[in-house]
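Below is one structure, written out as structure tokens; the observations come after it.
The values are calculated or read from the model by the stated rules, or taken from the named source; none is laboratory data. Nothing here was measured: the structure is a model prediction, and the numbers come from that model. Backbone-built Cβ (ideal geometry, glycine too); neighbour counts: all protein chains shown. Only protein heavy atoms, including side chains, enter the accessible area calculation; ligands, DNA and RNA are left aside. Shrake-Rupley method; radii C 1.70, N 1.55, O 1.52, S 1.80 Å.
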Amino acid sequence: MDKHLITVDEFKELGRPTSKHLDDDEVTSFISECEDMNIMPAIGLDMYEELSGGGELSEEAKILLNGGKWKETTNEESQSRMCGGLKKALAYFVYAKMSMSDGVILTRSGSMQHDDSYAQRSEDKNRVRRYNEVMNIAEEYLDGCLQYLKQWKGEKIKPVRGTRVHIHAIGD
């Protein structure tokens with residue numbers, strides 16, 4: 001699958017602010033991983049291929065991909081809802097994953113982390129807290145997309161949630 005749901009520029013635009021000095025190849029790798037691990041299991045391979053295929057999309061598919069307002073109908077009641085879109089959900093999944101990688105790169109002599117005298121690494125506790133916060137946002141966006149997909153397609157959708165390990169530290 002050569003085409004992704006978002007580009008590197010869309011990642012920078014849809015997610016939280018990032019450095020303009022990010023390596024495009026690294027971001028693309030994270031996009032691919034997050035599509036494979038978070039998006040495809042949630043929406044199914046057929047829907048993923050429809051959305052990433054590059055062909056003309058229906059209005060419903062455009063809302064699922066880019067976000068938008070839709071009407072939820074239950075028991076003859078109608079309520080307006082918002083779908084953030086799979087692109088935004090994917091951008092937040094990528095942001096979370098990149099924040100945990102913390103600039104580690106693999107070299108022929110092992111894993112290395114660049115050091116800069118003008119910057120400071122965040123503590124592991126803060127990185128994990130930020131990761132969990134961003135993953136919760138990403139999962140909420142994905143959940144909104146799945147609710148829309150369920151209404152649109154009428155299929156039984158099983159949310160992909162609660163797959164992360166939660167470790168609670170006791171003390172400092």
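Of the residues in region 14-28, how many are in a helix (DSSP H, G or I) and either under 13 Å from the mean Cα position of the chain (by Cα) or modelled with pLDDT of 95 or more (or both)?
Selection size over region 14-28: 3.
I'd like to know if region 77-96 contains one or more residues that are at pLDDT below 90, of a type in the set (Asp, Glu), over 19 Å from residue 14 (Cβ atoms) and in a strand (DSSP E or B).
yes
Suppose we filter 146, 142 for residues that are at pLDDT 90 or above and in contact with a Pro (Cβ under 7 Å, 6 or more places away or on another chain); which single one remains?
146
Give the residue that is most open to solvent (accessible area, probe 1.4 Å), with candidates limited to residues of region 51-67 that are of a type in the set (A, V, I, L, M) and either farther than 18 Å from residue 88 by Cβ or in contact (Cβ under 8 Å) with a residue 60 or more places away in the chain (or both).
63
Condition test on residue 3, is it open to solvent by 70 Å² or more (accessible area, probe 1.4 Å) and touching a Ser or Thr at 6+ places or on another chain (Cβ under 9 Å)?
yes
Could you check, for region 37-44, whether at least one of its residues is out of contact with any Gly (no Cβ under 7 Å at 6 or more places or on another chain), assigned to a helix (DSSP H, G or I), surrounded by 13 or more Cβ atoms within 10 Å (Cβ to Cβ) and among the polar types (S, T, N, Q)?
There is at least one residue in region 37-44 that is out of contact with any Gly (no Cβ under 7 Å at 6 or more places or on another chain), assigned to a helix (DSSP H, G or I), surrounded by 13 or more Cβ atoms within 10 Å (Cβ to Cβ) and among the polar types (S, T, N, Q).
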